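Engineer: Pasting a structure here, questions to come.
Nothing in this text is a laboratory measurement; each read-out follows from the coordinates by a stated rule. This is a predicted model, so every value here is computed, not measured. Virtual Cβ from ideal backbone geometry, glycine too; neighbours counted across all protein chains shown.
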Amino acid sequence: MARYSAADVSWFLVAGLDVVGTLTEFEDNREARTEETHTLGDSWAEESFVGVRQGEITQQGFYDDAVGSVHDVLSSGPGTTNILSYCLEGTATGKNFVGWAGGVQVSYQRQAVRDALTKAKATYKGAGPIEQGKVLFPYKAAGSSFGKPSVDGLVSSTGGAGYLQYNASAGECNVRILHSSDDAAFATLFTFTKISSGHGAERLTTTGVIERYTAANFTTASATGAIAALNAFVGLVRTSSAP
Amino acid sequence: MSRYRVLVDGLTYPTDPRILRRMAAGEQIPLGKRGMCEPHGVGDIVDDLPPASIKGLTLARWIELVEEVIE
């Protein structure tokens with residue numbers, strides 16, 4: 001068992017943009033929807049789970065209108081749904097990450113106060129699964145190389161989801177998730193939509209077998225040459241599991 | 001060496017005998033330093049698979065035997 005702090009949160013990704021540098025706190029809440037099921041004759045209230053879970057994130061920090069920063073991300077909402085990804089337990093390859101298949105931005109507040117820097121605050125509500133997976137490639141400059149270190153996990157026969165978040169200034173790049181039973185011969189598990197300049201995120205799912213070893217793979221698209229300044233995160237969820 | 005048909009997309013593996021010997025000895029080598037071959041697509045015929053991987057790949061239906069060569 002280990003304890004963690006804010007220093008272990010190295011990025012908070014919304015549609016490929018990292019806003020952690022402006023945040024001072026965020027909370028992720030998950031709760032189960034219930035219905036009161038006590039009846040006449042009961043002397044205690046009774047709640048029963050109705051089979052639906054929901055999540056909400058509140059983020060708070062400094063207002064920053066730089067390109068790619070928090071205002072850039074949030075000003076297009078509320079109402080916008082984005083893929084969200086973050087880690088609470090460190091961000092190295094193989095660490096746990098949390099992926100939101102969809103987070104609807106329901107509010108964006110800017111707050112100017114006397115004798116203080118202007119703050120920004122936003123809230124998201126879940127629009128789809130909230131999952132925990134393993135980091136295959138932490139959010140950083142990807143470069144172009146054949147493969148990254150592989151991550152050893154348990155074989156899953158019921159599928160899972162692959163996450164990609166990226167921000168690139170120019171060029172094109174192909175990103176895949178590979179899997180292998182012996183850490184020697186790998187095949188493609190997921191092929192994400194080819195990245196071009198700009199930022200974005202994608203979540204792909206499979207219901208098939210995911211082998212024991214998995215890795216992220218970046219190759220430049222030859223038509224346009226190497227991608228410039230690509231920052232990317234790749235993660236894998238084995239079966240849909242709540243964090 | 002025997003020839004196999006690839007049944008999955010993007011099959012790739014190390015082909016350098018020195019790398020394979022180091023891996024067989026239990027050495028952990030990052031993917032990027034294994035000299036992996038260019039990915040093969042469905043239907044490609046290959047004859048340079050790592051010997052230790054062939055059984056597992058066959059069982060997983062990632063490859064199928066096309067021509068067996070007894071050496």
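Engineer: Compute the semi-axes of the equivalent ellipsoid of the range A:64-112, taking the square root of 5 times each eigenvalue of the Cα gyration tensor, and list them largest first in whole Å. Spell out each step's value before the answer.
Structural biologist: Working: eigenvalues 119, 41, 18 Å².
Taking √(5λ) for each Cα gyration eigenvalue gives 24, 14, 9 Å.
Engineer: For the range A:87-135 and the range B:1-23, what is the separation of their Cα centres, given in Å?
Structural biologist: 42 Å
Engineer: Specify which residue in the list A:S181, B:T15, A:L40 is farthest towards the positive end of the charge dipole of the protein assembly as shown, using unit charges on the beta carbon of Lys, Arg (+1) and Asp, Glu (-1), about the Cα centre.
Structural biologist: With unit charges placed on the Cβ atoms, the residue in question is B:T15.
Engineer: Here is a follow-up. Hand me the trypsin sites (Lys or Arg not before Pro) from chain B located in a DSSP loop with no more than 11 other Cβ atoms within 10 Å, in residue order please. Could you put the intermediate results ahead of the total?
Structural biologist: Working: sites: B:R3, B:R5, B:R18, B:R21, B:R22, B:K33, B:R34, B:K55, B:R61; in loops: B:R34, B:R61.
Filter output for chain B: B:R61.
Engineer: Would you list A:L154, A:L74, B:L59 from fewest to most Cβ contacts within 10 Å? Write out the running numbers ahead of the final one.
Structural biologist: Values: A:L154 7, A:L74 25, B:L59 10.
Fewest-to-most ranking of A:L154, A:L74, B:L59: A:L154, B:L59, A:L74.
Engineer: Sort A:V155, A:V67, B:V46, A:V14 so that the residue with the fewest other Cβ atoms within 10 Å of its own Cβ comes first and the one with the most comes last.
Structural biologist: Details: A:V155 12, A:V67 7, B:V46 18, A:V14 28.
Listed from fewest to most nearby Cβ atoms, that is A:V67, A:V155, B:V46, A:V14.
Engineer: Given the -39500 (n - 2.57) contribution per DSSP H run of 4+ residues, what per-residue ellipticity at 222 nm results for chain A, rounded to the nearest 500 deg cm²/dmol? Provide the component values of the computation, followed by the final result.
Structural biologist: Values: 1 runs with 5 residues, N = 243.
Rounded to the nearest 500, the figure is -500 deg cm²/dmol.
Engineer: Oh, and also: With just the Cα atoms defining each centre, how far is the range A:189-216 from the range A:1-65? Give it in Å.
Structural biologist: Taking the Cα centre of each part, the range A:189-216 and the range A:1-65 sit 26 Å apart.
Engineer: Tally Lys/Arg at +1 and Asp/Glu at -1 over every other residue whose Cβ is under 10 Å from the Cβ of A:E31; what's the total?
Structural biologist: Values: positive: A:R30, A:R33, A:R53; negative: A:E56.
Charge balance in the 10 Å sphere: +2.
Engineer: Further, regarding this structure: Cβ neighbours within 10 Å, averaged per peptide: list A:86-97, A:165-176 in order, most packed at the top. Let's see the in-between values first.
Structural biologist: On the way: A:86-97: 18.3, A:165-176: 20.6.
In descending order of packing, they fall as A:165-176, A:86-97.
Engineer: Could I ask something else about it? Per-residue mean of other chain beta-carbon atoms within 10 angstrom of the beta-carbon, peptide B:29-39? If you can, show how the numbers build up before the last one.
Structural biologist: Values: counts 3, 7, 14, 9, 4, 5, 1, 7, 2, 2, 8.
Mean shielding by partner chains, rounded to a whole number: 6.
Engineer: Order of A:W100, A:W11 from fewest to most other C-beta atoms within 10 Å? Walk me through the numbers on the way to the answer.
Structural biologist: Working: A:W100 28, A:W11 20.
Listing A:W100, A:W11 from fewest to most nearby Cβ atoms yields A:W11, A:W100.
Engineer: Mind checking A:208-215 for the average number of partner chain beta-carbons within 10 Å of each residue's beta-carbon? Mind dumping the intermediate values first?
Structural biologist: Values: counts 0, 1, 0, 3, 0, 1, 0, 3.
Per residue, the average neighbour count from other chains is 1.
Engineer: Okay, moving on. Is the C-alpha gyration tensor of the range A:1-128 telling us rounded, prolate or oblate? Criteria: a/c under 1.5 is rounded; beyond that, a/b larger than b/c is prolate, otherwise oblate. Write down the numbers at each step before the final one.
Structural biologist: Details: a/c = 2.11, a/b = 1.65, b/c = 1.28.
Note, shape of the range A:1-128 comes out prolate.
Engineer: Right, here's the next one. Which shape class applies to the range A:68-200: rounded if a/c is under 1.5, otherwise prolate when a/b exceeds b/c and oblate if not, where a ≥ b ≥ c are the square roots of the Cα gyration tensor eigenvalues?
Structural biologist: Prolate, because a/c is 1.5 or more and a/b exceeds b/c.
Engineer: Also: Answer rounded, prolate or oblate for chain A, using the Cα gyration tensor with square roots of eigenvalues a ≥ b ≥ c: rounded when a/c is under 1.5, else prolate when a/b is larger than b/c, else oblate. Please list the in-between numbers first.
Structural biologist: Values: a/c = 2.12, a/b = 1.20, b/c = 1.77.
Note, shape of chain A comes out oblate.
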